[in-house]
Structure formats: structure tokens, C-alpha cells
Amino acid sequence: MLKQSKIVATIPSRWNGALGTLHSFGLSENHVIFIEQPMVVSVSKLFAALVKKTSVRDWLEWKGEDKNRFVILTKEGKVNKTEFISKDSFYFMHTINSFEEEGQIVLDIITYATASVLDMWWMENLRENVIKPSDFP
């Protein structure tokens, strides 16, 4: 199956020395929708983490002053030249649904104001058996 796969588009990161996290994407009838969020993998922190053997969370950096960028491709791989930028930055984990209605792309996601929701998953927080919803919607 993978032998038949091919690269149809490339989306460069907008940050120097960091890679935008693209954990989930939307798929509608005619489009593939990627949301580049301001949670980035810092290349320097990644290399430091490999040496120090620290957590994946230590590589990640929240750049909340930047906004989310929506990159829309046709299913054939043609990238829409228009950039769509969110009004406010947000963090999300998964795309729930995406579809097209009356010429518009509709994307359902649950968003958080920052990525601090990830801190709930630190072992010391899990051991406390208490959820601390720092910035739930």
C-alpha cells in the first residue's frame, strides 16, 4: 500500500528553527484542511532533549503571540494561495468533523486558549487524581 503512495503537496513551516505541529487535519468532500497551530517543536530543544533524555513535552514551545494558519489543499494537492489566519491563537488536539456547505468549508474542533491543557497529563498531576482545567473552553 505505501509503495503506491506519493507526495502531493509540501507545507513549509513558517518558523525558523521550529516545526509547526500538525497533529490532525480535516477532510471534506473536495479539500484537505491543515491547521498549523502555534505549538511548535523547537529543533534546539529537541536535540537537547535527546541528550538529556527528557519528555516530548520539553521539546514543545507555545508561541501564543502567533495565530493559527489554515492551509487548504484540493484533494489533488493544489495549495490554496490565500492564507487564512485565525483572529486569536488557540490549541486543539483533534479535528472532529469537516464538510462543505454552500461553498464554505466548515470545520468542527474543540479549542483551548493555550496549550497549558497538556500540563494536566504530567505524572505528578495525574497522581493527584485531580483535574485542573486551566483553560477549558
| field | Pairs, first under 20 Å from LYS63 (Cα atoms) and of a type in the set (A, V, I, L, M, F, W, C) in segment 113-128, second loosely packed, with under 13 Cβ neighbours inside 10 Å and modelled with pLDDT of 80 or more, C-beta under 9 Å, six or more apart | value | ALA113/ASP88
| From the list ASN68, ASN80, ASN16, which one is out of contact with any Ser or Thr (no Cβ under 6 Å at 6 or more places or on another chain) and under 30 Å from TRP122 (Cβ atoms)? | ASN16
| note | SER98 vs (1) exposed (fewer than 10 other Cβ atoms within 10 Å of the Cβ); (2) at pLDDT 95 or above: all pass except (1)
| task | Out of VAL117, VAL71, report the one residue that is at pLDDT below 90 and touching an Asp or Glu at 6+ places or on another chain (Cβ under 8 Å). | result | VAL117
| Of all residues in segment 24-39 being among the β-branched types (Val, Ile, Thr) and under 12 Å from the mean Cα position of the chain (by Cα), which is surrounded by the most Cβ atoms within 10 Å (Cβ to Cβ)? | ILE35
| remark: When every residue in segment 40-68 that is touching a Phe, Trp or Tyr at 6+ places or on another chain (Cβ under 7 Å) and either of a type in the set (Lys, Arg) or within 16 Å of ILE109 (Cα to Cα) (or both) is compared, the one surrounded by the fewest Cβ atoms within 10 Å (Cβ to Cβ) is LYS45
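The values are calculated or read from the model by the stated rules, or taken from the named source; none is laboratory data. These numbers were taken from a predicted model, which means no experiment stands behind them. Cβ: placed from backbone, ideal geometry, glycine included. Neighbour counts: every protein chain shown.
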